[in-house]
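This report refers to the structure that appears directly beneath it.
The values are calculated or read from the model by the stated rules, or taken from the named source; none is laboratory data. Quick caveat: nothing in here was measured; it's all calculated off a predicted structure. Every residue, glycine as well, gets a Cβ built from its backbone with ideal geometry; the counts of neighbours run over all protein chains shown.
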């Protein structure tokens, strides 16, 4: 059952409409059911015995990006993702989760990732830093990972990538909450990273970085190395003069602040430093930094591609209201989602590839 702590948050959220304007799913579907308030109300009804947890309720709990926009803007400190994740646990345990969600979980059980695919080898066995590629970049956006590794080589950084890189637990946590299976994945991942003995792990996907930095320690599987986001690491290489871009004007672009960099890390400058070094003149979308609108996640795209693509199209609409023609991102999940619906005349840019062109 959903915990008392989660129900406390749900009881408070059910009375409040103050974050509904921030929900990217509600924006695109127009359904009140997709607001954090509605999900809190459903769980409140469940706890009072006036509703049953059925497949329709489970489906509603999965129509959420877990982007934390609602949490970021809540002046009273309540957290809808807390009770939404626990409701997802309930859905999976009782075999009520959507079939597409259960397929993703089955794929993780069989292959370690939602795609049911074997991660490719990147053939890196360096001695300076460990680069954690992650499932999305490895399986769906490998060119971003390769571009990042090329940048490190140009900067004189000897990088290692694990041949059999374990999952961080991030995707399974989004699918079924912070259950034992997630902490087991986290422990395996931390053990593999710690076994390298390298002092720094550079994490390409900020979603992986978030679970490593904010949850591993509380689960007793802390990473001994310093965990650094890939954007922060490359920005520091630029600052230290280890990457020296040549001047090249590429026109106007706007940086997309992905959910975890924006709201878990409050990291905004590095991605913009990379974009400027790559030659872009920056403009800003109206929803930026901590208030950046989600473009969807790879997990959501895997089980509800229609809604996720609509959410991504909403982010493109934000860009179209600026003078920029290029959407700039350094996150593999954002790149994957945004690539589903690039408007005519617009360009989606992987900043690591763009920076490679000028250094």
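Quick rundown of the values:
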read-out	value
Residue match in region 47-57 (condition: closer than 27 Å to residue 215 by Cα and buried (at least 20 other Cβ atoms within 10 Å of the Cβ))	no
Any hit, region 152-172, residues being at pLDDT 95 or above, part of a strand (DSSP E or B), over 28 Å from residue 303 (Cβ atoms) and in contact with a strand residue (DSSP E or B) (Cβ under 9 Å, 6 or more places away or on another chain)	yes
Residue check for residue 277: modelled with pLDDT under 95 and not assigned by TED's automatic domain parsing to the domain that holds residue 195	no
Number of the exception - residue 198 against (1) within 14 Å of residue 134 (Cα to Cα); (2) surrounded by fewer than 22 Cβ atoms within 10 Å (Cβ to Cβ); (3) in contact with a strand residue (DSSP E or B) (Cβ under 8 Å, 6 or more places away or on another chain)	(1)
Residues of region 214-271 that turn out to be within 25 Å of residue 313 (Cα to Cα) and free of Cβ contacts under 8 Å to residues at least 24 places away in the same chain, as a count	1
Residue under evaluation residue 336, criteria (1) surrounded by fewer than 21 Cβ atoms within 10 Å (Cβ to Cβ); (2) touching a residue at least 40 places away in the same chain (Cβ under 8 Å); (3) over 30 Å from residue 244 (Cβ atoms), criterion not met	(1)
Positions within region 11-63 being closer than 25 Å to residue 76 by Cα, at pLDDT 90 or above and not in a helix (DSSP H, G or I), in sequence order	23, 31, 35, 63
Options 314, 296; residue that is touching a residue at least 60 places away in the same chain (Cβ under 8 Å) and on the phi > 0 side of the Ramachandran plot	296
Test: residue 193 is over 20 Å from the mean Cα position of the chain (by Cα) and surrounded by 24 or more Cβ atoms within 10 Å (Cβ to Cβ)	yes
Single residue of region 221-249 satisfying the filter (more than 19 Å from residue 131 (Cα to Cα) and modelled with pLDDT of 95 or more) that is surrounded by the most Cβ atoms within 10 Å (Cβ to Cβ)	245
